[in-house]
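A.B. asks: The structure follows.
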Amino acid sequence: MTTGAPTPTYPARPRRSRLRTFLPLGIAAWLVLEIWLLTVVADAAGGLAVFLLLVGGIVLGSVVIKRAGRRAFEALNEALQRGGTPKRGGGNGLMMLGGLLIMLPGLVSDALGLVLLIPPVQKALSRRAERTFERKLREATPGSFGDAFQQARIHHPDGKVVQGEVIKDEPRDIPQEPRPPLTG
């Protein structure tokens with residue numbers, strides 16, 4: 001039965017980004033590959049060898065992370081003593097990521113972590129990340145972070161715009177009772 005009233009139209013749901021769609025699938029495929037490779041190596045070399053490989057990865061990864069953290073701290077300390085900022089391109093972040101990947105159980109993550117420890121690979125990835133970051137900054141619309149926050153807060157997802165004004169109440173000139181002294 002129709003009443004003559006128009007049916008409400010709801011705004012279309014925004015499309016999911018490709019990253020949000022494929023990232024869970026990629027992680028699941030990576031985990032399956034890691035488990036399969038560990039079982040293949042366990043069949044070929046034995047369970048004790050796989051266990052020692054995993055423990056060795058944890059130890060090596062923690063040493064790499066500790067070393068990269070120490071280098072980053074020393075660079076920061078040296079820069080603060082000079083009165084400047086730390087030099088760019090130290091590669092400590094990529095070393096820490098490599099150490100973390102080595103610590104994760106699995107052979108693919110170990111291989112990726114070891115590749116990240118190679119200095120030419122670190123430099124190439126650093127340059128590429130820096131260029132990508134600068135390009136994204138150039139493509140961004142002008143405005144500050146505060147403006148973006150203000151816009152996100154005012155324009156609600158349902159399309160309503162909330163206009164308002166903040167009025168600060170000033171304290172009145174009402175005499176207050178004297179407070180007793182604080183004693184400890």
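A.B. asks: Scan region 113-120 and give yes if some residue there is surrounded by 15 or more Cβ atoms within 10 Å (Cβ to Cβ), farther than 23 Å from Ala42 by Cα and among the aliphatic types (A, V, I, L, M), otherwise no.
C.D. replies: Looking through region 113-120, at least one residue is surrounded by 15 or more Cβ atoms within 10 Å (Cβ to Cβ), farther than 23 Å from Ala42 by Cα and among the aliphatic types (A, V, I, L, M).
A.B. asks: Let me ask something else. Restricting to region 29-49, give me the number of residues that are open to solvent by less than 60 Å² (accessible area, probe 1.4 Å) and under 10 Å from Leu107 (Cα atoms).
C.D. replies: 4
A.B. asks: Here is a further query. Give the number of residues within region 65-112 that are in a helix (DSSP H, G or I) and closer than 21 Å to Ala42 by Cα. Break it down into steps so the answer makes sense when it comes.
C.D. replies: To start, the set of residues in region 65-112 that are in a helix (DSSP H, G or I) comprises 65-82, 92-103, 107-112.
Right, trim to closer than 21 Å to Ala42 by Cα and you get 101-103, 107-112.
Residues in region 65-112 being in a helix (DSSP H, G or I) and closer than 21 Å to Ala42 by Cα: 9 in total.
A.B. asks: Now for a different question. For region 88-138, which positions are acidic (Asp, Glu) and under 16 Å from Ile58 (Cβ atoms)? Spell out the reasoning first.
C.D. replies: Taking region 88-138 and keeping what is acidic (Asp, Glu), we get 110, 130, 134.
Matches in region 88-138: Asp110 only.
A.B. asks: Residues in region 58-67: is at least one modelled with pLDDT under 90 and basic (Lys, Arg)? Talk me through it step by step, then tell me what you get.
C.D. replies: Here is the first cut: in region 58-67, the residues modelled with pLDDT under 90 are none.
No, because not a single residue in region 58-67 is modelled with pLDDT under 90 and basic (Lys, Arg).
A.B. asks: While we're here: Taking the condition of being part of a helix (DSSP H, G or I), modelled with pLDDT of 60 or more and over 28 Å from Trp30 (Cα atoms), how many residues in region 132-164 meet it? Show your work before the answer.
C.D. replies: Just the residues of region 132-164 that are part of a helix (DSSP H, G or I), to begin with: 132-139, 145-154.
Pick out the ones that are also modelled with pLDDT of 60 or more and you get 132-139.
Right, trim to over 28 Å from Trp30 (Cα atoms) and you get 134-139.
Final tally of qualifying residues: 6.
A.B. asks: Hey, Ala72 hits all of (1) hydrophobic (A, V, I, L, M, F, W, C); (2) out of contact with any helix residue (DSSP H, G or I) (no Cβ under 6 Å at 6 or more places or on another chain); (3) within 22 Å of Ile102 (Cα to Cα) but one; which does it fall short on?
C.D. replies: Condition (2) is where Ala72 drops out.
A.B. asks: Quick one: which residue in Gly83, Gly61 is open to solvent by less than 50 Å² (accessible area, probe 1.4 Å) and not acidic (Asp, Glu)? Working first, answer last.
C.D. replies: Working: Gly83 fails: open to solvent by less than 50 Å² (accessible area, probe 1.4 Å).
Answer to the check: Gly61.
The values are calculated or read from the model by the stated rules, or taken from the named source; none is laboratory data. These numbers were taken from a predicted model, which means no experiment stands behind them. All Cβ positions, glycine included, derive from the backbone under ideal geometry; neighbour counts span all protein chains shown. For the accessible areas, the whole protein counts, side chains as well, though only heavy atoms, and no ligand, DNA or RNA atoms are used. Shrake-Rupley method; radii C 1.70, N 1.55, O 1.52, S 1.80 Å.
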